[in-house]
Structure formats: structure tokens, C-alpha cells
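Structure, as C-alpha cells:
The values are calculated or read from the model by the stated rules, or taken from the named source; none is laboratory data. Since this is a predicted model, take the numbers as computed values, not measurements. Here Cβ is always computed from backbone atoms with ideal geometry, including for glycine, and neighbour counts include all displayed protein chains. Calculation scope for accessible area: heavy atoms of the full protein, side chains included, ligands and nucleic acids excluded. Shrake-Rupley method; radii C 1.70, N 1.55, O 1.52, S 1.80 Å.
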Amino acid sequence: MIGTSITRRYAEALISIGAEENSCEKFESELTKINNILDENSELKNVLYSPAYPIKDKKGILKEIIKRQEISKNIENFLNLLIDKKRIEFLPYILKRYGEILDQIVGRVRAEAIVAKKIPEELISKLKESLEKYSGKKVLLEIQEDPTIIGGVITKLGNVVFDGSIRTQLEKVKKSIVRGEEG
């Protein structure tokens with residue numbers, strides 16, 4: 001798949017530059033900032049991603065964004081390269097791959113916790129601590145709210161899912177009751 005190989009090559013090249021300057025995490029932060037700006041402004045994103053607009057205009061727009069966000073020269077050059085090569089639309093995928101590579105380098109793992117409603121920071125810290133003990137790595141924990149789980153928490157750590165939601169527990173009870181009626 002060409003997209004995967006493109007994103008990997010660009011991410012690896014940027015990681016190697018970041019490693020030379022000890023700026024890998026700074027680069028990730030700056031790329032995330034730009035990616036978030038594009039996600040929040042669909043018109044801007046459409047202009048930068050569209051082949052209908054001249055490269056010169058895209059670079060001018062990007063230059064203004066970069067100036068306001070205090071983005072490093074290396075990231076500015078990287079984004080201009082993506083525009084030159086007509087690959088700026090790959091930015092979200094490059095950023096994702098970059099994060100995965102960086103996670104491996106620094107020994108961290110990303111986790112997601114889905115909760116029914118906002119939970120106290122103390123519980124978030126305990127959950128993060130438990131995940132770090134389980135994985136043996138530093139955990140970057142993202143919390144998402146989903147009222148449909150009713151209560152409890154669903155945690156995703158890599159390919160492992162811990163489902164402690166009330167919804168799942170109720171479904172298990174329901175299946176158990178149905179099986180009991182059939183037997």
C-alpha cells in the first residue's frame with residue numbers, strides 16, 4: 001500500500017532529523033498543532049489539500065499559520081516539502097506514524113479510556129499507574145466520554161481491551177439468562 005510506505009518514509013526522515021537535534025517530541029507537538037488547526041478549519045484544509053490551488057498560494061497560507069504558531073524552521077521546511085511533493089494531505093497519517101515511531105524510541109505506549117462521564121483526576125492517575133505497571137512503559141492516556149457505556153470504563157492499551165463497562169456486564173447477564181432458559 002503506497003500510503004503506508006509514504007507515511008513511514010516521511011515519518012522516519014523527520015524522526016532522524018529530530019533525533020540529531022534532540023527535538024523529536026518538539027516536532028511531534030508542532031505537527032500536532034498544525035494538524036489540529038487544519039482539523040478545526042475545513043476551508044483551510046480544503047485549500048491546502050486541493051490540487052486546484054497553486055503551490056505558491058498554499059505555501060503563503062502555511063507561512064502565515066506557522067508565523068502565528070511559533071513553529072520551528074525544520075517543521076516549516078517539512079510542511080513545505082509536503083506541499084511541493086503534493087503530499088500535504090498525508091500529514092495526519094505521517095503524524096500518527098511519527099508518534100508510533102517516537103513511542104518505540106522513548107519506551108511509551110498510548111492508551112485510551114472510555115468512561116460514561118467525567119472522572120476525577122485521582123482516578124485517571126490511578127488508571128494510568130495501573131496501565132504503566134501492566135505494560136512496563138510510560139503511558140500516554142487519552143480519556144473519552146461515552147454515556148452509552150452506562151458506567152465503568154473500557155480501556156484500550158495497544159491491541160488489548162479491558163472492558164469493565166456496565167453495558168458489557170449487563171449484556172453478559174442477559175446472555176447468561178437466555179442460555180439458562182434454553183437449557
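For the chain, the carbon plus sulfur part of the accessible surface works out to 52%, probe radius 1.4 Å. Of the cross-linked pairs Lys126/Lys172; Lys118/Lys174; Lys59/Lys118, those separated by over 32 Å at the C-alpha level are Lys59/Lys118.
Could you give the accessible area per residue of the chain, probe 1.4 Å, as a whole number in Å²?
Details: 11700 Å² over 183 residues.
I get 64 Å² per residue for this part.
Taking every alpha-carbon pair under 8 Å whose residues sit at least 6 apart, the stretch 67-151 reaches a relative contact order of 31 percent. Applying a length cut-off of 15 Å (Cα extent along the axis) and a mean Kyte-Doolittle floor of 0.0 to the DSSP H helices of the chain leaves 2-21, 73-84, 91-106. Of all alpha-carbon pairs in the chain, indicate the percentage at a distance above 30 angstrom. Tail of the P(r) past 30 Å holds 38 percent of the pairs.
So what's the net charge close to Pro147: Lys and Arg +1, Asp and Glu -1, counting the other residues with Cβ under 15 Å from its Cβ?
Numbers: positive: Lys117, Lys118, Arg167; negative: Glu145, Asp146.
Local charge sum for Pro147: +1.
Straight-line cross-link partners of Lys128 among the aspartates and glutamates, defined as a Cα under 13 Å from its Cα and at least 8 positions apart when in the same chain: Glu112, Glu142.
Return the FRET efficiency for the residue pair Asn36, Val178: r is the Cβ-Cβ distance, R0 is 35 Å, and the value is rounded to the nearest 0.05. That gives a FRET efficiency of 0.15.
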